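Engineer: Quick one: this structure, given as structure tokens, is what I'll be asking you about.
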Amino acid sequence: MIAISILLLALGAASWASCNVPHNSTYILGADPLQQPYPYYFPPQDAAETSALFPMPRCMGITLEEATIDQLQRYMGEGTLTSVELLKCYLKRVRQVDEYINSIIELNPDAEDIAAALDAERVAGRVRGPLHGIPFIVKDNIATKDQMETTAGSWALMGSVVPRDAHVVAKLRQAGALLMGKATLSEWADMRSNNYSEGYSARGGQARSPYNLTLNPGGSSSGSAASVAANIVTFSLGTETDGSVINPAERNAVVGIKPTVGRTSRAGVIPESIHQDTVGAFGRTVRDAAYVFDAICGVDMRDNYTLAQQGKTPLGGYMQFLADRSVLQNATFGLPWSSFWVYADEEQQAQLLSIIALIEGAGGKVINNTELPNYETIVSPDGWNWDYGTSRGYANESEYTVVKVDFYNNIKAYLSELENTKIKNLEDIVAYNYANDGTEGGNPWPLGIPAFYSGQDGLLASLESKGQMDETYYQALAFTQRTTREEGIDAALANNGKSLDALLVPPDVGQTYQIAAQAGYPMITLPAGIHSSTGMPFGLALMGTAWSEASLLKWASAIEDLQLSTDGALRRTLPGWYGYLERNIPVRNL
């Protein structure tokens, strides 16, 4: 009792003494309140709607904002920077801006240990390649065999255990890249609803573009693109079934590479459609995105679609094809004006045509009206519409007829490999959403949640199909592939015997990537202009035939070099953070 009394007296004395400690004294833990909160720790409101709202502090004396992979490798090679230090600087950036744009759904608790191991390898003289020690994130539908979740943004898969890293993740780890975390996304990669807030998921919340936080950030790889745009991370991975790499890339002013279906393995990726799914890369430059693509492509026996690339992959990889503006003297591009360009607004047309004029000034040849022969049948005049066939009265000519059947079957196959979950099929997912309507929005608004205005009508359409690959399904698959391939993109590229190197298209027009998605063909989008009224970016994209990534990288890098080497030319600009204090859900689809 005496000992307890003495302890209480001591605590009381300490408490009394603390009342007499002068304000801002370093007596307690040596911690002083933050006396200079601006501009790194709190955004200065007088810098609203400018890139100065969230300036990026220097990292160990270097300028990390917009730093390229090559620059970071040079710093680490010189000993100016370590991977651990680089990781910590990016994590500070996460703390600085991600409460605003919500691009990260989860951070990797093992990241610092991995960084330290990679630093030790470098000291020992082992540098695995250009990605060694470079932090990256992956979309939350790409499996990682670690302490992180893989949920596609749904609470339904929390706690489930994947069998292994996705093949693309394993390849990046082998290349020495540093997995920093997972990115937010549109839940179930846009499959769950047909009227929803792009970039929203129940588990992750609403991802936002740092250019305008109130508008559609592009999806479904929303966080993957936004994080790179905001300099939260160097590069990221996303997935595309129909636009989910190209759309967020161009709406966040970053480079997006969407490969041919089968060029990158889908093993370990929560699926949508086996015929259209592909894993793509985001970077702030073509070279950065190409490093990533070069690392993740290749054959994987767990995805037999990748076997088709054998004999179509260049020896020595893809980096050898990057070029400067001089090669444009030998280029011939096509503008499918009536097919796509006519749907771009006047401001986009004017700004993108200024880049076309630059290409012509550099010696490139650009031919207008190189149309897809049957564009009047297959290109929706009312914007992106993956059920356009049904809208015309022909379900057997609709992409959605294929996708909703594929999803039913493909998701069941994926779930069968998971441990520690009761979710085994689409029926279980639908039931879970109904049972958790307040968070998962199983019912349409106002019973559910406004982010999923139409509830889970996408999942229900897939459920109704029961995965039946009937005559209508096969007719739709044959129609969409034939009309977008040999009778579509390939025919436009052939140009009546005067072949083109690529088609140049405005990717903010969703019909562009929709046609490429149905074909399973590659696209690359480059940062271009900014809408004057909204501050939202748009891009210029190159569209090619199957397995033409080497050619597309050549021309994309040449056009980018032309942009960067020409005074006043349109190019990537830093985010303006319009509406940084607004939290509207759903985001506006402008």
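Engineer: So what is Rg over Rh here for the stretch 266-412, counting just Cα atoms and using Kirkwood for Rh?
Structural biologist: On the way: Rg = 19.4 Å, Rh = 19.1 Å.
That ratio is 1.02, to two decimals.
Engineer: Additional query: Once a ≥ b ≥ c are taken as the square roots of the eigenvalues of the Cα gyration tensor of the stretch 450-548, is the result rounded (a/c under 1.5), prolate (a/b larger than b/c) or oblate (a/b not larger than b/c)?
Structural biologist: Working: a/c = 3.45, a/b = 1.15, b/c = 3.00.
Cα axes put the stretch 450-548 in the oblate bin.
Engineer: Now for a separate question. Please give the peptides 526-532, 494-500 ranked by average Cβ packing (other Cβ atoms within 10 Å per residue), highest first, as a rough proxy for protection.
Structural biologist: On the way: 526-532: 21.0, 494-500: 12.4.
Ranking the peptides 526-532, 494-500 by packing returns 526-532, 494-500.
Engineer: In the neighborhood of residue 564, defined by Cβ-to-Cβ distances under 15 Å, what is the net charge if each Lys or Arg adds +1 and each Asp or Glu adds -1?
Structural biologist: Values: positive: 284, 287, 325, 571, 572; negative: 66, 70, 288, 324, 560, 561, 567.
That works out to -2.
Engineer: Based on Cβ point charges of +1 for Lys and Arg and -1 for Asp and Glu, what charge dipole magnitude is obtained for the stretch 69-565 about its Cα centre, in debye rounded to the nearest 20?
Structural biologist: Numbers: 37 positive and 57 negative charges, 225 e Å.
Dipole magnitude for the stretch 69-565 comes out near 1080 debye.
Engineer: Follow-up. Given a 1.4 Å probe and heavy atoms of the protein chains only, how would you sort 255, 342, largest accessible area at the top? Kindly include the intermediate steps, with their values, before the conclusion.
Structural biologist: Details: 255 0, 342 75 Å².
The ranking, largest first, comes out as 342, 255.
Engineer: How would the stretch 501-590 be classified by its alpha-carbon gyration tensor: rounded, prolate or oblate, with rounded meaning a/c under 1.5 and the a/b versus b/c comparison settling the rest?
Structural biologist: Details: a/c = 2.97, a/b = 1.38, b/c = 2.15.
Note, shape of the stretch 501-590 comes out oblate.
Engineer: How big is the accessible area of residue 565 in square angstrom, nearest 10, if you roll a 1.4 angstrom probe over the protein chains?
Structural biologist: Accessible area of residue 565: about 60 Å².
Engineer: Could you rank 424, 404 by how accessible they are, 1.4 Å probe, largest area first?
Structural biologist: 424, 404
Engineer: Continuing with this model, one more query. Toward the positive end of the charge dipole of the chain, about the Cα centre and with charges on Cβ (Lys, Arg +1; Asp, Glu -1), which of 355, 536, 44 goes farthest?
Structural biologist: Checking the options against the dipole of the chain, the answer is 44.
Engineer: Just to confirm my numbers, what's the Cα centroid distance between the stretch 57-121 and the stretch 450-480 in Å?
Structural biologist: Between the Cα centre of the stretch 57-121 and that of the stretch 450-480, the gap is 42 Å.
Engineer: Next up: Which of 522, 411, 130 sits closest to the plus end of the dipole of the chain, meaning its Cα is farthest towards the positive end, when Lys and Arg get +1 and Asp and Glu get -1 on the C-beta?
Structural biologist: Comparing the listed Cα positions along the dipole, 130 ranks first.
Engineer: Please work out, to two decimal places, the log10 of the ratio I(q)/I(0) at q = 0.06, 0.07, 0.11 Å⁻¹ from a Debye calculation in which every Cα of the chain carries one identical scatterer.
Structural biologist: For the chain, the Cα-only Debye profile gives -0.31, -0.42, -0.99.
Engineer: Also: Just the accessible area for residue 408, please: 1.4 Å probe, Å², rounded to the nearest 10?
Structural biologist: Surface open to solvent at residue 408 totals about 30 Å².
Engineer: In the stretch 329-360, which residues have a backbone nitrogen under 11 Å from the label point lying 7 Å from residue 369's Cα in the Cα-to-Cβ direction?
Structural biologist: Once the point is set 7 Å along Cα→Cβ of residue 369, 337-338 turn out to lie under 11 Å by backbone N, inside the stretch 329-360.
Engineer: How much solvent-accessible surface does residue 327 expose, in Å² to the nearest 10, with a 1.4 Å probe and all protein chains in place?
Structural biologist: Ignoring ligands and nucleic acids, residue 327 comes out at about 30 Å².
Engineer: Evaluate the relative contact order of the stretch 69-565 (contact order divided by residue number), counting alpha-carbon pairs under 8 angstrom at least 6 apart; express in whole percent. Kindly include the intermediate steps, with their values, before the conclusion.
Structural biologist: Working: 1180 pairs, mean separation 84.4, N = 497.
This gives 17 percent for the stretch 69-565.
Engineer: On a straight-distance basis, which lysines could pair with residue 182 in a cross-link, Cα separation under 22 angstrom, same-chain partners fewer than 8 positions away excluded?
Structural biologist: 88, 92, 139, 145, 171, 258
Engineer: Here is a further query. Just name one of 236, 207, 111: the one whose Cα is farthest towards the positive end of the charge dipole of the chain (beta-carbon charges, Lys/Arg +1, Asp/Glu -1).
Structural biologist: Going by the Cα projections, it comes out as 111.
Engineer: Another question about this same structure. Using only the heavy atoms of the protein chains and a 1.4 Å probe, how would 319, 523 rank by accessible area, largest first? Intermediate values should be presented prior to the final figure.
Structural biologist: Details: 319 40, 523 0 Å².
Descending accessible area places them as 319, 523.
Engineer: Using helices alone, what [θ] at 222 nm do you get for the chain, with -39,500 (n - 2.57) per DSSP H run of 4 or more residues, divided over all residues and rounded to the nearest 500? Walk me through the intermediate numbers first.
Structural biologist: Values: 19 runs with 201 residues, N = 590.
Using -39500 (n - 2.57) per qualifying helix, the result is -10000 deg cm²/dmol.
The values are calculated or read from the model by the stated rules, or taken from the named source; none is laboratory data. Since we're looking at a predicted model, the values are computed, not measured. FYI the Cβ positions are ideal-geometry reconstructions off the backbone, even for glycines, and counts take in every protein chain you see. The accessibility values were calculated without ligands, DNA or RNA, using every heavy atom of the protein model including side chains. Shrake-Rupley method; radii C 1.70, N 1.55, O 1.52, S 1.80 Å.
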